[in-house]
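Beneath this line is the structure, given in structure tokens, with notes to follow.
The values are calculated or read from the model by the stated rules, or taken from the named source; none is laboratory data. This structure is a prediction, so every number in the text was calculated from the model and none was measured. FYI the Cβ positions are ideal-geometry reconstructions off the backbone, even for glycines, and counts take in every protein chain you see. Remember, those area values only see protein heavy atoms, side chains included, never the ligands or the DNA or RNA. Shrake-Rupley method; radii C 1.70, N 1.55, O 1.52, S 1.80 Å.
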Amino acid sequence: MPITESDIKKIATLAHLEITDEELRALTPQIASIVAYVEQLNELDTSRVEPATGGLTPEGERTDVSRDDMVRPSLGQSLALEQAPEPSHGHFRVPKVLTGSHESENF
Amino acid sequence: MKDGWEVVIGLEIHAQLSTETKIFCGCSTHVGDEPNANTCPVCLGLPGALPVLNRRAVELGARAALSLGLRINETSIFSRKNYFYPDLPKGYQISQYDRPFSERGVLEIMTATRDEGGHAREWRPLTVRVTRLHLEEDAGKNVHEGLPETERYSYVDLNRAGTPLAEIVTEPDFRTSWEAYDYVNHVRKALQWVGASDADMEKGNLRCEANVSVRRVGDERFGTKVELKNLNSVRFMQRAIEFEIERQVNTLEAGGRLTQETRLWDDRAGETRVMRSKEEAHDYRYFPEPDLPPLTVSAEFIEGVRRSMPELPDARHRRFMEEYGLTFEDASTLTRELTLADFYERAAKAAANPRGAANWLKGELLRELDAAGVGADASPVSPEELGALVRAIDGGKISGKQGKEVLVEMFSTGKGAADVIEERGLAQVSDAGEIERIIGDVLAANQQQVEHYRAGKEGLFGFFVGQVMKASKGKANPKVVNELLKAKLSE
């Protein structure tokens, strides 16, 4: 399915990005060509192949990769915030988020 | 509900699983630590950090699923749910989508019609189809007030990010707000009972959302669906649904149109308000999480979890009625919590009198426990001691009235029943020899009355009983006194 300017607009909106018309015209063919490149994979018949959901070989999938419920040291507040652009009062500080709820917007 | 209208409700519950650590990293899930202290590269979403699944979260998820009648899939897949919000540092939430942890539950709950005061009138069973229960991570917390310049900034605390959640979704099977209310309470209790979640709505470790729509009776199609949030207690949810039904019906009857939107309940104002409309809704672009292999659980694992679970509340309720002859209400009270049900069974055994133990537990001890805000597992009176008290009463050692005083003292001092009875000198004298001696003294001191009695003034019998009780300082067993006195007077 060819990628159109309206797809790019939608992706930008979902990513909270503002793009100019100029960028839109430049990005659309670029992204379209990337998608077309990946779409070559559709030429393969995969109807008899199990999807590799975790990106692992069947052997890798059989390897137990879970862990026990044991607390391990965390970074702690100051180290966690060290790389943040605007830490404040022990928090990450971000531009005002508008919401009617104090809980996460989505769940 | 106005005539001619029907409401359709579906529910979503998010329950925090009771683990020590987060679902994909070893950070503590402890609440109340300083902001962002319990974070690491995984839950901060730093590049290159890889999630590793917490086994305990899977086990608790399995307990939750089995307690709600769901079928656990041997293979399930974690997916990325993509959206951008500051409380979600990775830009996606690891959740499950097309192959969830468990599906297709059929749950029978009890629901009641309510009077205007909200009191249950009549209970009846209701079958609820539980669509799925899947595992996912919680987001962090955005702080919008209490810090400087909140008109310009929001603050983010990621301690909660990565906390394991079970999301439990139903089919649109509820037709009244009270059915929804009874379902959420059922789920809360089941999750607490099997130890999967603390399920405390006030602490936020159980959150629920309701999808509400109305339609004309007989209409096959669903009406426009409104999602209700910010339901911080089961009662809030019930009120919010009631408000929403009325709002929707009134809008439609006035010829208006409804929009598919999310509305927040404001309990102070007693109304729901638009949060956002679905036009700007997200397209989550789910795809399988490449950093985690499929989650596989064996049939043996599921069976092991099933075996390790306590008998579920409904089954236990039924057994309490059948095995111990309790009434529906008493069995309900005593299966309120797992610890209380366990307490009762031990007390019933110790008392060798299940009905008596039930009466003393629910009538007396439970009142003390509730007043002190203490659970049965922390009761200063052990089940065995409650049993001993019931035996002392049943055996005629003390009266029921004295039993109440003894229990209060047992509760406040933590002493055993026998010790309190002994210390207070309450033990009734049932020893025939001792009572005969007292009777002999009383009759000797009241010769005249004895003659009157023997001459036919039988009303004097009560006088003699009173005198004997007085002489024994109230400790003589009245039943024994009656028998011996009768025998003595008719000599």
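Side notes on the structure shown:
- Check on B:L484, part of a helix (DSSP H, G or I) and farther than 22 Å from B:N359 by Cβ: yes
- For region B:117-150, taking the residues that are surrounded by 11 or more Cβ atoms within 10 Å (Cβ to Cβ) and charged (D, E, K, R), the one that is farthest from the other protein chains (Cβ to nearest Cβ) is identified as B:R129.
- Unique match (being on the phi < 0 side of the Ramachandran plot and either within 14 Å of chain A (Cβ to nearest Cβ) or open to solvent by 20 Å² or more (accessible area, probe 1.4 Å) (or both)) among B:T163, B:T170: B:T163
- Among the criteria (1) open to solvent by 20 Å² or more (accessible area, probe 1.4 Å); (2) closer than 27 Å to A:T63 by Cα; (3) touching a Leu at 6+ places or on another chain (Cβ under 7 Å), the one B:R71 does not fulfil is (3).
- The set of residues in region A:60-74 that are within 7 Å of another protein chain (Cβ to nearest Cβ), hydroxyl-bearing (S, T, Y) and either under 19 Å from B:H30 (Cα atoms) or open to solvent by 40 Å² or more (accessible area, probe 1.4 Å) (or both) contains only A:S74.
- Taking the criterion of being closer than 19 Å to B:D198 by Cβ and in contact (Cβ under 8 Å) with a residue 60 or more places away in the chain, the residues of region B:31-46 that qualify are B:V31, B:D33, B:N38.
- Scope region B:60-92; condition of a type in the set (D, E) and within 9 Å of chain A (Cβ to nearest Cβ); matching residues: B:D87
- Within region B:450-470, the set of residues being within 10 Å of B:I435 (Cα to Cα) and touching a helix residue (DSSP H, G or I) at 6+ places or on another chain (Cβ under 6 Å) comprises B:V468 only.
- Filtering region A:5-59 to residues that are away from every other protein chain (no Cβ under 14 Å) and of a type in the set (S, T, Y) leaves A:T20, A:T28, A:S33, A:Y37, A:T46, A:S47.
- Residue satisfying condition, being within 14 Å of chain A (Cβ to nearest Cβ), open to solvent by 10 Å² or more (accessible area, probe 1.4 Å) and within 24 Å of the chain's Cα centre (by Cα), within set B:R56, B:R114: B:R56
- Some residue of region B:229-237 being out of contact with any Asp or Glu (no Cβ under 8 Å at 6 or more places or on another chain) and either farther than 30 Å from B:V305 by Cβ or not assigned by TED's automatic domain parsing to the domain that holds B:S18 (or both): yes
- Conditions (1) more than 12 Å from chain A (Cβ to nearest Cβ); (2) at pLDDT 95 or above; (3) not in a strand (DSSP E or B); number of the one not met by B:V212: (3)
- Scope region B:173-222; condition β-branched (V, I, T) and open to solvent by 10 Å² or more (accessible area, probe 1.4 Å); matching residues: B:T176, B:V217
- Helices (runs of 4 or more DSSP H) wholly inside region B:355-422 that include at least 2 residues being exposed (fewer than 14 other Cβ atoms within 10 Å of the Cβ): B:366-372, B:400-413
- Going through (1) modelled with pLDDT under 90; (2) under 23 Å from the mean Cα position of the chain (by Cα) one by one, A:V49 falls short only on (2).
- Every listed requirement among (1) surrounded by fewer than 18 Cβ atoms within 10 Å (Cβ to Cβ); (2) within 23 Å of B:D173 (Cβ to Cβ) is met by B:T262 save one, (1).
- Within region B:8-44, restricting attention to residues that are surrounded by fewer than 20 Cβ atoms within 10 Å (Cβ to Cβ) and more than 7 Å from chain A (Cβ to nearest Cβ), the residue that is farthest from B:W178 (Cα to Cα) is B:P41.
- Taking the criterion of being in a loop (DSSP other than H, G, I, E, B) and of a type in the set (A, V, I, L, M), the residues of region A:1-19 that qualify are A:M1, A:I3, A:A15, A:L17, A:I19.
- For B:A444, the conditions (1) open to solvent by 70 Å² or more (accessible area, probe 1.4 Å); (2) over 18 Å from B:G395 (Cβ atoms) all hold with the exception of (1).
- Within region A:75-87, the only residue that satisfies the criterion of being surrounded by 15 or more Cβ atoms within 10 Å (Cβ to Cβ), more than 7 Å from every other protein chain (Cβ to nearest Cβ) and either in contact with a helix residue (DSSP H, G or I) (Cβ under 8 Å, 6 or more places away or on another chain) or more than 25 Å from B:I94 (Cα to Cα) (or both) is A:P87.
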